[in-house]
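Structure record follows, encoded as structure tokens.
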Amino acid sequence: MFGLAALGLLKPLAALAAWNKEAFGAKTADAALKGIGISGAAPTRDVLIEAPEIAENGAVVPIEITSNVPGTTSIAVIADKNPFPLVAQFQFQDGAVPFVKLNIKMGETSEVRAIAQAGGKSYVATKEIKVTIGGCGG
Amino acid sequence: MSRMLLTVAIFLFPLWARAQDVDAVLKRDFHARGQATMDRIVQDRLQKVCTATHDNPPADAAKSIEAEQMKTIVFPAGSLLGDWKRGERLAQGGRGLTWNDKAGAPADGSCYNCHRLSPAELSYGTIGPSLTGFGKQRGAGEDAQRYVYGKIYNAKAYNACSQMPRLGFSGTLTAEQIKDLVALLLDPASPVNK
Amino acid sequence: MRLVLPLVLVLSFPVWGQDSKNQIQKYRDMVAEGSPAELFEIEGEALWKKPQGPNNVSLEKCDLGLGAGVLKGAYAHLPRYFADADRVMDLETRLAHCMVTLQGRTFKEATARVFGTADRPSEMESLSAYVASLSRGMPMAPGTSHPKEKEAYELGRALYVHRAGPWDFACTSCHGAEGKRIRLQELPVLTKVESARAVAATWPAYRVSTSQFVTLQWRMNDCYRQMRMPEPAFGSDATVALIHFIVVNGKGEPYRGPGNKR
Amino acid sequence: MAGPMKMRATWANGFTDVRVLMTHPMETGQRKDPDGNLVPMHFIQTITVQLNGKTVVDCQVSQGVSRNPVFSFRIKGGARGDKITVAWQDNKGDSNSLDAAVA
């Protein structure tokens with residue numbers, strides 16, 4: 001038992017940094033960006049957001065983000081009109097490609113931003129996703 | 001009248017046995033839940049004829065049903081134009097009459113489920129025709145008001161086997177609510193007519 | 001600039017129609033790639049092997065039509081006639097039958113909670129996910145030769161057009177004409193082979209709007225709710241007949257579920 | 001008790017693709033249960049992805065991620081048989097992790 005604990009098998013892998021309470025608790029996109037230390041991200045075509053323009057349901061909105069900015073170390077995802085706009089931030093290292101695919105929630109039609117950080121600078125791509133009201137379903 | 005009934009009877013005879021089977025199955029396999037009580041499985045004449053003819057009733061049967069249904073429509077006195085803003089909310093909502101809706105609670109019109117209305121709403125159904133610009137074409141005069149009110153109250157008065165529910169006749173919507181929907185369709189200020 | 005502006009306007013103006021249809025299809029494709037349906041298959045496998053009921057046995061000896069305990073391809077052959085019960089059964093009805101006959105549970109207890117919630121999926125839903133997943137790639141081949149299978153199909157056909165209730169609805173009210181939708185959801189005409197095939201091959205499914213795993217018994221139940229009708233009993237002849245009718249109309253399509261629904 | 005996870009890790013043309021599913025309610029704290037009570041916030045906050053014990057992606061997420069999260073990641077390199085580990089931790093201190101061999 002003691003041995004297992006010492007080997008780290010009983011404890012989950014520790015995250016590199018504590019969860020960013022301030023940024024994830026921010027109620028506006030700007031405050032969220034400030035919380036992760038980003039201001040004045042430059043619009044770019046090198047960050048790609050692959051997502052449908054119309055989501056049949058806001059509970060699940062699939063989004064795929066790729067950064068072609070050389071030296072990208074992180075990607076943040078922000079849904080501007082969500083009650084808490086910052087959805088996720090991913091740090092890439094040791095061979096991880098700055099690419100991620102995930103499903104996010106959206107309360108209403110909104111801009112979605114992907115912000116990549118590379119070499120101390122930040123770059124942003126934006127896409128509007130329309131969230132629609134559904135019928136019976138399935 | 002009797003000739004009409006004979007036509008319908010001959011037409012329906014081969015289907016009569018099957019209809020009896022279905023009634024017996026529904027009685028055995030369904031149960032009341034909440035406000036959805038078992039009296040709802042009993043078909044009225046219209047439902048019987050539309051089922052038996054796959055919604056293509058002989059012309060004289062259709063005519064007689066439509067006349068019968070027309071008599072059920074109660075038109076309130078005065079203007080039939082309510083408030084289009086309330087109408088838009090009713091058109092968006094879909095509550096009412098299901099076994100998990102509270103009995104007697106206000107219901108909605110479920111309009112966008114089947115119709116396009118305000119062009120701003122992207123999520124609209126196509127079971128019924130698009131009604132965008134309806135008031136622009138028909139005007140908002142007394143005849144148009146009566147037609148729209150009557151159609152919402154009892155669509156079967158205009159088309160015997162229409163797929164549109166009889167929203168007034170079934171007790172789904174009140175006279176005030178139907179007037180709000182008439183305004184949504186006809187009021188020049190309504191987004192439907194912008 | 002003067003030349004460019006009108007072009008930009010044309011390109012960026014949202015064209016509702018073909019384009020939005022493509023966008024909805026893109027949404028569905030992307031959702032399907034990331035379907036959590038597999039999580040329910042894992043739960044279902046554990047439930048299949050878990051001893052339960054007064055007899056404290058698992059469902060591993062349950063005969064889904066291809067012999068006791070045979071799971072591979074079993075779902076693709078349902079609904080079908082079962083001589084031991086002398087009736088046509090769909091997957092869920094048969095699972096309930098095994099819970100009663102093998103595990104010694106009462107039908108009432110075994111089916112008390114067949115439609116779960118996002119927080120707590122039902123036993124039946126997880127089991128359905130697991131069993132159906134083991135027919136992937138196999139053509140749907142429900143029973144069609146036994147007289148009771150023919151009878152069930154005919155009953156399904158009659159129910160499909162039967163108009164009743166305060167809103168005068170039949171299945172055909174929504175699923176009767178091609179190219180129709182409720183809101184943005186396209187409505188398959190289940191008497192049409194291609195539409196029925198797509199349905200037969202993808203149910204049961206994960207439903208993204210409610211984060212629930214849903215089954216065909218649930219689909220029948222919730223359609224009747226929205227038809228403003230009384231509630232059909234779980235596993236009743238009426239529900240099995242409709243499911244049989246749909247799957248027979250779509251037979252031959254290789255199973256590719258559990259799928260994804262809005 | 002955390003619900004199941006599922007992972008698929010495949011190698012092709014010099015890249016390892018990882019797709020991982022997690023069972024989690026991802027409650028926002030704003031949803032009401034059928035009795036009308038607010039369901040408390042309950043969501044995954046951190047996720048780590050490791051290749052042979054070395055962290056390659058470190059994620060922080062919010063309640064804005066959909067219920068039963070699904071993520072795809074890509075790693076340059078890796079080889080068939082390498083070990084991928086994905087672990088998560090939520091705001092209540094629950095956690096789960098799963099290993100998979102790259103196929």
Review point. Take the residues of segment D:83-103 that are surrounded by fewer than 18 Cβ atoms within 10 Å (Cβ to Cβ) and not polar (S, T, N, Q): which is nearest to D:Trp11 (Cα to Cα)?
Key: D:Ala103
Practice item. Would you check which residues across segment A:30-62 are under 15 Å from the mean Cα position of the chain (by Cα), surrounded by 24 or more Cβ atoms within 10 Å (Cβ to Cβ) and within 14 Å of chain C (Cβ to nearest Cβ) and list them? Key: A:Val60, A:Val61, A:Pro62
Check your understanding: Any idea which of B:Thr98, B:Thr172, B:Thr132 is among the β-branched types (Val, Ile, Thr) and farther than 30 Å from A:Ala55 by Cα?
Key -> B:Thr172
Review point. Which one of A:Ala79, A:Ala26, A:Ala55, A:Ala59 is touching a residue at least 24 places away in the same chain (Cβ under 8 Å), under 30 Å from C:Thr210 (Cβ atoms) and out of contact with any Ser or Thr (no Cβ under 9 Å at 6 or more places or on another chain)?
Key: A:Ala26
Revision key, fill the gap. Residues of segment C:245-262 being in contact with a strand residue (DSSP E or B) (Cβ under 8 Å, 6 or more places away or on another chain) and either assigned to a loop (DSSP other than H, G, I, E, B) or within 14 Å of chain A (Cβ to nearest Cβ) (or both), in sequence order, are C:Lys251, C:Gly252, C:Glu253, C:Tyr255, C:Gly257, C:Pro258, C:Gly259, C:Asn260, C:Lys261, C:Arg262
**Study point:** Residue in segment A:116-127 that is out of contact with any Ser or Thr (no Cβ under 9 Å at 6 or more places or on another chain), at pLDDT 95 or above and away from chain C (no Cβ under 14 Å) present
**Key:** yes
Review point. Among D:Asp58, D:Asp33, D:Asp82, which is the only one that is in contact (Cβ under 8 Å) with a residue 24 or more places away in the chain and of a type in the set (Asp, Glu)?
Key: D:Asp82
Review point. Taking only pairs six or more apart or across chains, which ones have beta-carbon atoms under 6 Å, a first residue in segment D:39-52 that is at positive phi, and a second residue that is surrounded by fewer than 22 Cβ atoms within 10 Å (Cβ to Cβ) and assigned to a strand (DSSP E or B)?
Key: D:Asn52/D:Lys83
Exercise for review: Within segment A:53-78, count every residue that is within 16 Å of C:Met30 (Cβ to Cβ) and in contact with a strand residue (DSSP E or B) (Cβ under 7 Å, 6 or more places away or on another chain).
Suggested key: 12
Check your understanding: If you check every pair at least six apart or on different chains, which have Cβ atoms under 7 Å apart with a residue in segment B:120-131 that is under 21 Å from B:Ala155 (Cβ atoms) first and a residue that is modelled with pLDDT under 95 and assigned to a loop (DSSP other than H, G, I, E, B) second?
Key -> B:Tyr124/C:Arg183; B:Gly125/A:Gly135; B:Gly125/C:Arg183
**Study point:** Odd one out for B:Glu88 among (1) crowded, with 20+ Cβ neighbours inside 10 Å; (2) within 14 Å of chain C (Cβ to nearest Cβ)
**Key:** (2)
Review point. Is it true that A:Ala76 is of a type in the set (Gly, Ala, Ser), within 14 Å of chain C (Cβ to nearest Cβ) and within 26 Å of D:Gly29 (Cα to Cα)?
Key: no
Practice item. With respect to C:Thr202, determine if the residue is away from chain B (no Cβ under 14 Å) and surrounded by fewer than 22 Cβ atoms within 10 Å (Cβ to Cβ). Key: yes
Study note, to complete from the structure: Of the conditions (1) facing chain C (nearest Cβ under 10 Å); (2) crowded, with 20+ Cβ neighbours inside 10 Å; (3) in contact with a Leu (Cβ under 9 Å, 6 or more places away or on another chain), the single one that D:Thr46 does not satisfy is (1)
Study note, to complete from the structure: Residue hits (segment C:41-53; at the interface with another protein chain (Cβ under 9 Å from one of its Cβ atoms) and either under 21 Å from the mean Cα position of the chain (by Cα) or crowded, with 19+ Cβ neighbours inside 10 Å (or both)) are C:Glu41, C:Ile42, C:Glu43
Practice item. Filter segment B:52-71 down to residues that are acidic (Asp, Glu), under 17 Å from the mean Cα position of the chain (by Cα) and more than 17 Å from B:Gly168 (Cβ to Cβ), then give me how many there are. Key: 1
Practice item. Being more than 28 Å from C:Lys21 (Cα to Cα) and surrounded by fewer than 22 Cβ atoms within 10 Å (Cβ to Cβ) narrows it down to one of B:Pro106, B:Pro119, so name that one. Key: B:Pro106
Review point. What residue, among those in segment B:156-175 that are in a helix (DSSP H, G or I) and surrounded by fewer than 22 Cβ atoms within 10 Å (Cβ to Cβ), is farthest from the other protein chains (Cβ to nearest Cβ)?
Key: B:Ala175
Revision key, fill the gap. Of (1) modelled with pLDDT of 95 or more; (2) touching a strand residue (DSSP E or B) at 6+ places or on another chain (Cβ under 9 Å); (3) within 14 Å of chain A (Cβ to nearest Cβ), C:Gly165 satisfies every one except (3)
Practice item. Could you tell me whether segment C:91-109 includes any residue that is part of a helix (DSSP H, G or I), of a type in the set (A, V, I, L, M) and within 30 Å of A:Ala59 (Cα to Cα)? Key: yes
Review point. With respect to C:Lys192, is the statement that it is farther than 30 Å from C:Ala85 by Cβ, more than 10 Å from chain A (Cβ to nearest Cβ), without any contact (Cβ under 8 Å) to a residue 12 or more places away in the chain and surrounded by fewer than 23 Cβ atoms within 10 Å (Cβ to Cβ) true?
Key: no
Review point. Scanning for something of a type in the set (S, T, N, Q) and within 24 Å of C:Thr172 (Cβ to Cβ), does segment B:135-150 turn up at least one residue?
Key: no
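The values are calculated or read from the model by the stated rules, or taken from the named source; none is laboratory data. Just so you know, these numbers come straight off a predicted model, no measurement behind them. Don't worry about glycine lacking a Cβ; one is built from the backbone with ideal geometry, like all the others, and counts go over all protein chains shown.
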